[in-house]
Amino acid sequence: MAYDVTTMKDWQIAEAAEPGMPTPDEWRERLGLENDEVIPYGRLCKLDFLKIMNRLGGKGDGKYIEITAITPTPLGEGKSTTALGLIEGLGKRGTNVGGCLRQPSGGPTMNIKGTAAGGGNALLIPMTEFSMGLTGDINDITNAHNLAMVALTSRMQHERNYGDEELSKRSGMRRLDIDPTRIEMGWAIDFCAQSLRNIVIGLGGRMDGCTMQSRFNIAVSSELMAILSIATDLKDLRERMDHVIVAYDRNGAPVTAGDLEVAGAMTAWMRNTINPTLCSTVEYQPCMVHAGPFANIAVGQSSIIGDRVGLKLFDYHVTESGFAADIGFEKFWNVKCRYSGLRPHVSVLTTSIRALKMHGGGPAVVPGRPLPEEYTKENVNLVEKGLPNLIHHLHTIKLSGIRPVVCINRFSTDTNDEIKAVRRAAERHGARCALATHWADGGEGALELADAVMDAAKEETPFAFLYMMDMKLRDRVERIARVVYGADGVEWSPEAESKAKMFEVDRKYDEYATMMVKTQLSLTHDPARKGVPKGWVLPVRDVLVYSGARFLCPVAGNISLMPGTGSDPAFRRIDIDTATGKVHGLF
C-alpha cells in the first residue's frame, strides 16, 4: 500500500509504516541467518559480518547494482530515493533483493539538507533512528578520532614538561618531537559548527596542554570513517589504523596513531562498527546502513563490508554512490571496486527534468527559495539543451564496461514530451531508459526501472578500470580530468606539483588510491559552470595524504571539512511529543 504523499510528510509516512517493520527475529528467519549472526539493538539489529562471511564465504554472489546521477541541482535529484525505490520495485517483482546505504551525519540532518532517508514511498525506516545516531557507529568513530587527539596533545604536554630520562622512567616512551605547527588532525563533532573551524586550545598552565591553534571537523569527514568504508574486514581496519597520520615531527617525518600507541584502543572503540545495521524500506524490503564518508574528499560510498554481506544474502544487491557520476561513480569504479575486488553488473544513472533544465540554461536553483517557473512549466527546448550533461555521464559509465540504465525520476510537473526527449537521447546513446514514480507510488512506480535493471544484469560486463595502479599520480589526474570531467588538461600549483613529484618517487604511494576533490555541482572545479563546459583546465592546488585509508587527494577548488549551519536549519522544525516520546518534523 502506497501512502498519500500529497497529504503526508516523510516523518508521518515513516511513523505509519514502522509498526509493521520486521523484528530482528523475523529478519533472522526471512534472511536465513543463524541465531548468533543477528545482534539485536531494540527494534533494530546489526548483522555480524565475520560470522556471516565465515559461513557464506563460499556462496556465489548476487547481482551488484550501483546508483549514481547526473550533475545535480543543489536540491539533489533523488539518488537515495531511486535506490530505495528500485529495491521496492525489485521486491514487487518477487526477487530476493536488498541494499546498503550510507549513514547520514547529524550535521546535514539538523541543517539545510535534512536526512538522507529517501522520501515519500521510497523511504528508509525507522527514520528517527536512521537520522539520529542509529546504533552508534558515528559516535564510536568520533570517540576513536578524538582519542587520537587526546593521545597527541597529552604526549606533546609530557614531552614539553619532561626530559628524555624522565619520559623513559615514567612510561618507557621515546620523544616524538612533534611540531606544533604541523598538526594534521583536528577534533571531531557530528554537527555543522563553523565557529569551531579555527580554535585555540591548551590555555592555562603547564598541566593544561600546549597552547596552539586547532580545529574541529565534522565527524563523517574523519579519515576513520573513510577507513570503515573501504576496510574489507576487522584485520584490515586494525592495520590501517596504525598508519593514520596525526601530525609531523620537527624533521618533517609523520607521527602516526601507531607511533602514539593509540591505534589499538581506537580500533577497540570501533570494534562494533564493522557490523552493518539492518533497516527497512517502507515496503519492508531489507536495506543495510553502513559507513558514511564524505563524497568529495573521501570515497563517498557505503562500505565494502556491507556490499560483501549483501551479495551473499541477496540475489540483487543495490548500493549508491555520493554526488554525480564524475565524482561518486568514478570513485566507485576506480577505488571501491579495486579495493573490494567486486564487479558491478549495472549502474543506474538518475536524472530529473529539473536538473536537465538547469544544465540547459535555466535560472539558478537555490535551496529555500521557490523554483522559477521554467522548472514547473513545460519547456522541451530547455531539456534538450541540458541533455549533453546526461550523455557525458552516460559515456563515463559505458567506458567502465558496466551496463547503464537511465532512470528518469519523475516529478509531478514533468510533462510527457519532456520525458520523451530524455528517453530518445538515452536510447540513442546505447542505454536502457526507465520512467520511475517511486517517490509517489513506491515499488509499483519502479517496476519499469526494476525490469530494465534485471534485463541489463543478464548481460556480461567487460569491466575495466580507467587507469592501472602503475600509472603515476599526475598521469592519473590528467586522465580523470580529460576523460571523466571533459577538461583540456590539468594545471598544477607549484606546491601541488612538488608534492606530486615526491609521492611519485616513493613507490609505497603507487598503491594509494587517487581520490579527487572538487565540487559536485559542476563537471568542472567551478560550481557555477553547468552543462558540459568546453575549453577549460582543471587547477590542482594541493595534494592531501591519508595514509590509513591510503588515499592521495588532489584538491581542485576549495573544500571545508566543517560545513556551516545555515540561517534556516532543520532543527527549527524538529520536536518531540512528550506524551509518546516520538520525534516529529524530520524531513
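The values are calculated or read from the model by the stated rules, or taken from the named source; none is laboratory data. In this text, all values refer to a predicted model and were calculated from it rather than measured experimentally. All Cβ positions, glycine included, derive from the backbone under ideal geometry; neighbour counts span all protein chains shown. Side chains are part of the model used for accessible areas, which takes the heavy atoms of the whole protein and leaves out ligands, DNA and RNA. Shrake-Rupley method; radii C 1.70, N 1.55, O 1.52, S 1.80 Å.
Before moving on, here are some points about what is shown:
- Long-range Cα-Cα pairs in segment 307-392 (distance over 15 Å), rounded percent: 67 percent
- Percentage relative contact order, segment 72-203, counting C-alpha pairs under 8 Å, at least six apart: 23 percent
- Computed from Cα positions, the angle between helix 137-161 and the longest principal axis of the chain comes to roughly 20 degrees.
- Here the simple spin-label model places points 7 Å from the Cα toward Cβ, and for residue 30 and residue 201 these points are separated by 4.4 nm.
- Based on C-alpha pairs under 8 angstrom that are at least 6 apart in sequence, the chain has a relative contact order of 21 percent.
- Largest accessible area first, the listed residues 195, 498 line up as 195, 498 when surface is computed with a 1.4 Å probe on the assembled protein chains.
- Based on the Stokes-Einstein relation at 37 °C and a viscosity of 0.692 mPa s, and on the Kirkwood radius from alpha carbon pairs, the chain is assigned a translational diffusion coefficient of 133 µm²/s.
- The chymotrypsin sites (Phe, Trp or Tyr not before Pro) found in segment 160-263 that occupy coil by DSSP, while having at most 16 further C-beta atoms within 10 Å, are 162.
- Within the chain, percent of DSSP bridges classed antiparallel, to nearest 5: 45 percent
- Between helix 380-400 and the chain there is an angle of about 60 degrees, using the helix long axis and the longest principal axis of the Cα atoms.
- Across 343, 102, the residue with the most accessible area heads the list, and the full order at a 1.4 Å probe is 343, 102.
- Compared with the dominant principal axis of the Cα atoms in the chain, helix 304-313 is inclined by about 40°.
- Taking the helices alone, the chain has a mean residue ellipticity at 222 nm of -9500 deg cm²/dmol, built from -39,500 (n - 2.57) per DSSP H run of at least 4 residues and averaged over all its residues.
- Candidates per trypsin sites (Lys or Arg not before Pro) in segment 143-248, loop by DSSP, up to 11 other Cβ within 10 Å: 174, 206
- Proximal charge balance of residue 519 [Cβ under 12 Å; K/R count +1, D/E count -1]: +1
- Extending 7 Å from the Cα toward the beta-carbon at both residue 471 and residue 233 defines two label points whose distance is 3.1 nm.
- Cross-link pairs 312/518; 63/92; 377/420; 9/377; 92/530 - those with Cα-Cα distance over 27 Å: 312/518; 92/530
- Cβ-Cβ FRET estimate between residue 571 and residue 165, R0 fixed at 60 Å, reported to 0.05: 0.70
- Pairwise FRET efficiency - residue 526 versus residue 502, Cβ, R0 = 25 Å, nearest 0.05: 0.35
- Carbon + sulfur, % of accessible area of segment 357-416 - ligands and nucleic acids excluded, 1.4 Å: 50 percent
- Within-14-Å neighbourhood charge of residue 143 [Cβ basis; K, R +1; D, E -1]: -2
- Cut-off 17 Å (backbone N to label point 7 Å along Cα→Cβ of residue 534), residues of segment 381-401: 385-393
- Multiplying the residue separation of residue 377 and residue 455 by 0.36 nm and subtracting their alpha-carbon distance yields 24.7 nm.
- Taking Lys and Arg as +1 and Asp and Glu as -1, the other residues whose beta-carbon sits under 9 Å from that of residue 92 total -2.
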